[in-house]
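The values are calculated or read from the model by the stated rules, or taken from the named source; none is laboratory data. It should be emphasised that the depicted structure is a prediction, and the values quoted were computed from it without experimental measurement. Every residue, glycine among them, receives a Cβ derived from its backbone with ideal geometry; neighbour counts consider all protein chains shown.
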Amino acid sequence: MPSRSRAHDYRADSGRFVRPHPPRHGHERTEYTLAHAGRHVRIGPVTFWIVVGSLVVMAGWTLATGTYFAFKDDVLARLIARQREQQSAYEDRIAELRAQVDRITSRQLLDQEQFERRLEQIMRRQATLESRAATLGGVADPTPTGSIKGRPAPLADPPPATPLKASPISDTVTFAAPPDREARLESRAPPPSATRLADAVTGERAGIVGALARLQASLDRVEARQTAALNALEENYDVKANRIRGVLADLGLDGVKKAAIPATGGPYVPLRLRHDAGTFERQLYRVNIARAHLERLTRLLSAVPVRKPIAGEIDLSSGFGVRVDPFLRAPAMHTGLDFRSSAGEPVRATANGTVESAGWNGGYGKMVEIDHGNGLSTRYAHLSEIEVKVGQTVKIGQIIGRVGSTGRSTGPHLHYETRIEGEAVDPQKFLRAGLRLGKSL
């Protein structure tokens with residue numbers, strides 16, 4: 001039997017014995033002995049606990065492995081379900097972003113179509129305004145009354161407050177036709193995010209809208225200037241026509257409708273205004289009517305002797321009416337005006353007309369008589385030279401002779417008469433009418 005002095009024997013299963021041994025070299029140490037079938041194995045405590053720990057680890061690993069194999073289907077199912085949820089959420093997000101991109105693209109296409117329509121409307125309006133500007137350039141030509149050389153002369157200066165200008169669209173904002181829509185979309189790189197794309201589209205649309213608004217405002221200003229120019233033209237024509245009517249009424253010629261008509265002709269085509277005409281067309285129609293009336297009045301006025309026969313300041317030596325005859329010193333009727341002037345000064349026609357007589361005429365000396373139509377005629381007497389012939393057509397301001405002292409005259413001067421239906425009337429009445437017209441002559 002083993003000694004029981006400091007250790008005890010332990011019986012194990014299967015005939016194993018564990019016997020602690022006393023420590024060697026005087027130190028207390030516990031050893032473990034494993035016996036089986038007559039064989040004994042001694043191990044120290046460190047080795048013992050390493051073996052025990054290894055057995056515990058192996059037991060835990062075995063338990064974990066068994067648990068894994070027992071529940072691996074459930075774990076895999078959970079992992080697969082979670083992965084599917086993440087994939088579904090990702091696909092939903094992609095679909096949402098794609099829908100946002102589609103909405104933004106659709107809105108951009110709609111905006112581009114609207115931009116194209118507005119741009120086309122603006123281009124049509126620009127072409128219309130340019131055409132109106134050309135029309136205004138023709139309408140704004142001064143109405144002629146006659147000139148020295150037979151060319152038209154203005155009745156009055158055009159109104160300075162509303163000068164006509166050419167259209168400025170091509171000098172403001174120039175738009176090119178937008179590129180093809182499909183090519184533009186295909187060439188565009190995919191945006192990093194829908195928010196940035198929306199911001200970019202919004203900024204681009206704001207820029208386009210601003211440019212269109214500025215161009216539209218510029219066209220509005222051009223149209224307003226054209227409307228103001230038409231208003232000024234219509235008012236100017238009406239003022240000049242009323243002035244001429246007033247002068248003709250004062251001269252007793254307001255009922256005269258016959259005037260010298262230039263060489264014109266053609267079939268009669270009545271002027272009609274379209275039923276769908278706009279404000280500009282209606283206003284232009286009124287301006288053309290006013291201009292036609294003014295041209296008719298100016299043609300009539302061109303045959304009325306309201307101009308001076310001699311250039312420069314008027315120096316009357318004898319007026320119209322009763323006076324003392326310079327030769328007989330007796331009361332006599334003076335049928336015209338005597339303009340004091342130097343010999344050889346040019347004498348000019350005071351209105352358009354035809355030379356009725358040109359030569360010596362008794363006390364008149366060398367005389368020219370011009371028929372102006374409508375019963376009006378003028379006489380230019382005491383001339384030193386005659387520079388026109390009978391039947392010749394003369395224009396306003398054309399030189400018809402030179403100042404002299406022929407006939408019953410006491411010195412160089414021009415005897416000037418105005419006659420209506422053969423009866424002498426005071427020429428100053430016509431000259432005062434010419435002063436009223438002022439720059440209209």
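Points worth noting:
- Only one of 129, 55, 109, 119 that is surrounded by 10 or more Cβ atoms within 10 Å (Cβ to Cβ), over 30 Å from residue 217 (Cβ atoms) and not β-branched (Val, Ile, Thr): 55
- Search result, residues across the stretch 263-294 that are buried (at least 18 other Cβ atoms within 10 Å of the Cβ) and out of contact with any helix residue (DSSP H, G or I) (no Cβ under 6 Å at 6 or more places or on another chain): 284
- Across the stretch 67-80, the number of residues qualifying as among the aliphatic types (A, V, I, L, M) and either closer than 30 Å to residue 210 by Cβ or loosely packed, with under 10 Cβ neighbours inside 10 Å (or both) comes to 1.
- Single unsatisfied condition, residue 255 versus (1) at pLDDT 85 or above; (2) assigned to a loop (DSSP other than H, G, I, E, B): (1)
- Selected residue (criterion: nearest to the chain's Cα centre (by Cα)) from residues of the stretch 392-440 that are within 17 Å of residue 316 (Cβ to Cβ) and among the hydroxyl-bearing types (Ser, Thr, Tyr): 418
- Complete set of residues in the stretch 86-101 that are surrounded by 11 or more Cβ atoms within 10 Å (Cβ to Cβ), of a type outside the set (A, V, I, L, M, F, W, C) and without any contact (Cβ under 8 Å) to a residue 24 or more places away in the chain: 96, 98
- When the strands (runs of 3 or more DSSP E) confined to the stretch 370-436 are screened for residues that are among the small types (Gly, Ala, Ser) and either more than 17 Å from residue 335 (Cα to Cα) or out of contact with any Ser or Thr (no Cβ under 9 Å at 6 or more places or on another chain) (or both), none reaches at least 2 such residues.
- Consider the stretch 208-222 and keep the residues that are surrounded by 18 or more Cβ atoms within 10 Å (Cβ to Cβ) and under 9 Å from the mean Cα position of the chain (by Cα). The one that is farthest from residue 132 (Cα to Cα) is 215.
- Here 342, 302 are screened, and the one residue that is at pLDDT 85 or above and surrounded by fewer than 17 Cβ atoms within 10 Å (Cβ to Cβ) is 342.
- So residue 354, is it touching a residue at least 24 places away in the same chain (Cβ under 8 Å), out of contact with any helix residue (DSSP H, G or I) (no Cβ under 7 Å at 6 or more places or on another chain), surrounded by 23 or more Cβ atoms within 10 Å (Cβ to Cβ) and at negative phi: no
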